[in-house]
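Asks: Could you have a look at this structure, given as structure tokens, before my questions?
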Amino acid sequence: MAPQRNVGAGAEAELPEYAGHYRLESCLGSGGMGVVHLARSTSGLKLAVKVVHAELARDREFRGRFRQEVAAARRVSGAFTAPVVDADPEAERPWMATLFIPGPTLAEHVKRNGPMPSPQLRRLMAGLAEGLRDIHRVGVVHRDLKPSNVLLAEDGPKVIDFGISRPKDSELRTETGKLIGTPPFMAPEQFRRPREVGPSADIFALGSLLVHAATGRGPFDSDSPYVVAYQVVHDEPDLTGVPEELAPLVLRCLAKEPEDRPSPDELMQELRSVAASYDTRAFLAEAFIPAQRTEPTASTGAVPGHQAEPESEELEELETAERGTGPGTDTGPGTDAEEPPAGQAARRSARPPLSKRALLGGGALALAVFGTLFSVQLLGDEAPERRTTGVRATTAAFQAWEVAPSGKPGTPQCSYGAGRLFCALPGQVFALDPDDGGTLWRHTVARTDRSGPPTLSGGLVQPALNQRRGLEALDSASGKPVWRQNTVEYRGLDSAGSTLLLTGDDGTVTGVDATSGDTRWSSPIPGHDMPYFDSFAGDPLAYATSTSADGSSTRVTAVNPQTGEVRWDARLTGTLKPVGNMNDSVVLTSEDAVYGEVEALVRYTPGTREVRRVKLPAPLAQVQGTVHEGVAHLTGAGGRVVAVDMGALRQRWNLETGVARTSAPVADARHVFLTAPDGRLLAVDARVGRLVGQTEPRMAAASDRVVAVLPEPVLADGHVYAAAPDGTVFALEGRDPADW
């Protein structure tokens, strides 16, 4: 058949006849990323094939995003999405084929039939809650859930188009100065802290989507995306027209703070209480599909990836400006005047009603036109709750303990150094006594662009590496600021030993002495347009990596962080990422360029330029890793833990923990420690790969909430420290986890 031709504004003059070996029969629609075609497999199976626009196919960053879309869509393929059949992200015109699902999008249904009645809304909400539950379980956040990305199929709603979704461990970074999404369905944190967007952003989008389905408009409505963005961050939603029995639940979905929104399981539980006779497993076709249906056409058909509007809108972030310092306004970082007595019990503070919660806490930050907003949370007056864990300690010198430093839910991120445990939550950083959990000091900080534990560098504590609020170094003993530096002009910040590495907009890297804040050196890193670094304890070097556009090779450059001197430079085969070092070698994961799964480990020895490769028996997705005494320990999707001996070049063991996902592993000679989403600490025998100990869950009040960031445990002096979603930090003897 002749190449298909399309007409209309912006249409490509000539469309391909085939995508891979799939013959494209007709054009179903076009969106911001590509054109969607109806096609058939060799056996006659109907497929929807998205073919990327020619101009985007030439863009390296976009290809990376499309690879991410394919990987995400493969992970979530199931009952509530359009299963991926085949894909080729590396083709001249990248493409992805999914099963064809007949039925309109939610946007088309509402436009054609008007607002949905309450029974249909309940079915829609339950179906989408189930879909998001499955999507989040595999570690994917959609980030662009909206009416045009929901198909109303005969067996229930399907979530489609993962074009801007990404796993939490993804190495794709949101471009500085850009926000990606559709403003009426974006959560406040997508405007304020786009790099920290988690599963709760999809719940906010679900709330906005339900308002659209119930009323034909959104909860924040304006012709201007800038006004909508301001309303999303500042204003209460307009729920006029939402059925009375559903309005409170929708309002919870639209809470300004992620931790105040329900989880998908909680949504389904509450929907059952709204209508006891409603079974969330039932989904009647006639609820959404008109009695007379026709084959989809370019104007009415709905298929995965087809949208009647651009797939996403990229909104430029503008700098925030601070407003006055009157009563009740945070005047800047500082330490608490008084510390709570050790052992004093704290009352768990109930969350105030949404309408009475101030978005900015005690501080006020203004939006410049609409842009980013960083909210500041002040420490409460409650003293931290402290109690023993109830487990038997294995030594007389150490008593297991558990504390709630902030008295509020939220998973702390912790690190160890200078004889102290340093932990961070949004708006605060605190130091704990590792022997008994007593609070040594607390310090108020602004919300950060980048999550993670405090960094001890140059003997001082860096509360967070945050380029928009600048660097701040604290005395490790008192928590008092030692120096501050404005870093707005920098795009990336990393820590390596006693040096902070700042990457500028032009790719120039500046090494800053973490002790004094003085500049040590400043220069580009040859061969890297925008270098970001990996560094490891005990390794004097920092590693910058850049992968080729087709994923076939990676340039690895080792830099002395104190001087900026390039120690060695190599181009290695594959898509590689450093995870640790051993002796004079660096260990890297090797990903499949199409699916993003780790299929092998690579040991590179720069002195001899020797490359040794260890292929994994089974690929591992969403990998986090560490190397201890020549053994690489990897965790991945589905709770898998793998140990690979990089000296003997073989896999030692593979363990299925039964946990949906885990934190990055931390290992010593005897055990590998990980945390689970429900707050459990797991211990695995490092020699044979057997689970030898685990603690009880420590969940927040919303016990089925999906935790976006899992903090890795901390090992120090034979003890293991961990944090949980209920806000607790706890310590156990690490030598014999069987006693937990």
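Asks: Quick one: which of 642-649, 33-40 comes out on top by average Cβ neighbours within 10 Å, and what's the full order, highest first?
Replies: Numbers: 642-649: 18.1, 33-40: 23.8.
Packing order, densest peptide first, comes out as 33-40, 642-649.
Asks: Could you work out the relative contact order of the range 46-148? I mean the mean sequence separation of Cα pairs under 8 Å and 6+ apart, divided by the number of residues, in percent. Don't jump to the answer; show the numbers that get you there.
Replies: On the way: 97 pairs, mean separation 30.6, N = 103.
Once divided by the residue count of the range 46-148, the mean separation gives 30 percent.
Asks: Let me ask another. For the peptides 251-263, 723-735, what is the packing order when you average, over each peptide's residues, the other Cβ atoms within 10 Å and list the highest mean first? Show your work: numbers first, answer last.
Replies: Details: 251-263: 21.1, 723-735: 24.3.
Packing order, densest peptide first, comes out as 723-735, 251-263.
Asks: Which loop GluC sites (Glu not before Pro) in the range 561-623, with loop taken from DSSP, have no more than 15 other Cβ atoms within 10 angstrom of their Cβ? Mind showing how you got there, number by number?
Replies: Working: sites: E565, E591, E597, E599, E610; in loops: E565, E597.
Of the GluC sites (Glu not before Pro), the ones in loops of the range 561-623 whose Cβ has at most 15 other Cβ atoms within 10 Å are E565.
Asks: Given a Förster distance of 30 Å, report the FRET efficiency between D506 and N654 from their Cβ-Cβ distance, rounded to the nearest 0.05. Write down the numbers at each step before the final one.
Replies: Working: r = 44 Å, r/R0 = 1.48.
Efficiency for this residue pair is about 0.10.
Asks: Could you grab the relative contact order for the range 468-564? Cα pairs under 8 Å, six or more apart, rounded to a whole percent.
Replies: Values: 196 pairs, mean separation 18.9, N = 97.
Dividing the mean separation by the residue count of the range 468-564 yields 19 percent.
Asks: Note the full-extension length gain between E270 and N486 as 0.36 nm times their separation in residues minus their Cα-Cα distance, in nm to one decimal. Mind showing how you got there, number by number?
Replies: Numbers: separation 216, 0.36 × 216 = 77.76 nm, distance 4.69 nm.
Value of the extension gain: 73.1 nm.
Asks: If you don't mind, there's one more thing I want to ask. Obtain the nm distance between the two label points defined at A549 and Y18 by a simple spin-label model: each point lies 7 Å from its Cα along the Cα-to-C-beta direction.
Replies: So the two model labels end up 2.4 nm from each other.
Asks: Extension gain S222-E696, at 0.36 nm per residue separation less the Cα-Cα distance, in nm? Display every interim value, and only then the final one.
Replies: Values: separation 474, 0.36 × 474 = 170.64 nm, distance 4.79 nm.
Extra length available between S222 and E696 comes to 165.8 nm.
Asks: Using a 1.4 Å probe on the protein chains only, how many percent of the accessible area of the range 578-705 belongs to carbon and sulfur? Working shown, then result.
Replies: Details: 2190 of 5040 Å².
Ligands and nucleic acids excluded, carbon and sulfur reach 44 percent.
Asks: Using 0.36 nm times the number of residues separating N583 and S523, minus their current alpha carbon distance, what extension gain do you get? If you can, show how the numbers build up before the last one.
Replies: Working: separation 60, 0.36 × 60 = 21.60 nm, distance 2.84 nm.
18.8 nm is the gain from fully extending N583 to S523.
Asks: Here's a follow-up. Could you order peptides 687-694, 127-134 by the average number of other Cβ atoms within 10 Å of their residues, highest first? Walk me through the numbers on the way to the answer.
Replies: Working: 687-694: 15.5, 127-134: 23.6.
Top of the packing list down: 127-134, 687-694.
Asks: Give, as a single signed number, the net charge of other residues whose beta carbon lies under 14 Å from the beta carbon of V461, with Lys and Arg counted +1 and Asp and Glu -1.
Replies: Numbers: positive: R420, R442, K480, R484; negative: E472, D475.
Overall, the nearby charge balance is +2.
Asks: Give me the one-decimal nm value for the distance between modelled label points at R613 and N113, 7 Å along each residue's Cα-to-Cβ direction.
Replies: 5.3
The values are calculated or read from the model by the stated rules, or taken from the named source; none is laboratory data. Note that the structure is a prediction, hence the values are computed from the model and not measured. Backbone-built Cβ (ideal geometry, glycine too); neighbour counts: all protein chains shown. For the accessible areas, the whole protein counts, side chains as well, though only heavy atoms, and no ligand, DNA or RNA atoms are used. Shrake-Rupley method; radii C 1.70, N 1.55, O 1.52, S 1.80 Å.
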